[in-house]
Amino acid sequence: MIRIRCFQSDDFKRVVEIAEEGKLNQDPMIYLELSKLFPDGFFVAEDRGVIVAFVISIMMLDGGGRIFAVAVSKSHRRRKIGISILNHALEAFRRKRVPYVQLEVRVDNFAAQKIYEKLGFEKEGIIPAYYSDGTDAILMKKNLSGSFQPHTSGMYV
């Protein structure tokens, strides 16, 4: 059974392993920094006590939200865990009445694009050479205005 909860510092090593599996190519120390700056936007998914996914969502200066990073361990992909943890982050934004959420995705990551579209994200444009290897990113955005719905699952944000 999958359980989603807030990140704790003891989770760091496993989060880094999942990020490396997912080839996120980010400095892992930024995860610790973001966990301090946005503690209510960093979630992990556990399967029988083992962390199998994470999402880091942050607030932008203009009041919008951003999915900074999301990854699922290879052993747990294609089980809709990514969708579940992203929905958890989106709900946290809704509870804060954030008007929109954006993210970047590699132009060649068709599986992720499909998931984001399923969640209601729309393509906004291309960011040339966004990734360290020179690959372009697609900027995607989801409007949350008017979509606030209280949730009673015990999630506290």
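The values are calculated or read from the model by the stated rules, or taken from the named source; none is laboratory data. Values in this document were obtained by computation on a predicted structure and should not be read as measured data. All Cβ positions, even for glycine, are placed from backbone atoms using ideal geometry, and neighbour counts span all protein chains on display. What goes into the accessible areas is simple: the full protein's heavy atoms, side chains included, and nothing from ligands, DNA or RNA. Shrake-Rupley method; radii C 1.70, N 1.55, O 1.52, S 1.80 Å.
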**Request:** Give the residues of region 103-143 whose amide nitrogen is closer than 17 Å to a point set 7 Å from the Cα of Asp27 in the direction of its Cβ.
**Result:** 131-133
**Request:** Leaving ligands, DNA and RNA out of it, rank Lys96, Lys118 by accessible area with a 1.4 Å probe, largest first.
**Result:** Lys118, Lys96
**Request:** Determine the alpha carbon to alpha carbon distance for each of Lys74/Lys142; Lys80/Lys118; Lys118/Lys141; Lys96/Lys142; Lys13/Lys80 and list only those over 18 Å.
**Result:** Lys74/Lys142; Lys13/Lys80
**Prompt:** Largest first, what is the accessible-area ranking of Ser132, Ser84, Ser73, Ser35 with a 1.4 Å probe?
**Reply:** Ser132, Ser84, Ser35, Ser73
**Protein-only accessible surface order, largest first, of Lys123, Lys80 at 1.4 Å** = Lys80, Lys123
**Item:** Gain in span if fully extended, Lys96 to Glu124, counting 0.36 nm per residue against the direct Cα distance
**Value:** 7.7 nm
**Prompt:** Among rounded, prolate and oblate, which fits the chain when a ≥ b ≥ c are the square roots of the eigenvalues of its C-alpha gyration tensor, a/c under 1.5 means rounded, and a/b larger than b/c means prolate?
**Reply:** rounded
**Message:** What does the charge count around Phe68 come to, taking other residues whose C-beta lies under 13 Å from its C-beta (Lys +1, Arg +1, Asp -1, Glu -1)?
**Reply:** -2
**Request:** Give the calculated FRET efficiency between Leu37 and Arg14 to the nearest 0.05, with a Förster radius of 30 Å applied to their Cβ-Cβ distance.
**Result:** 0.90
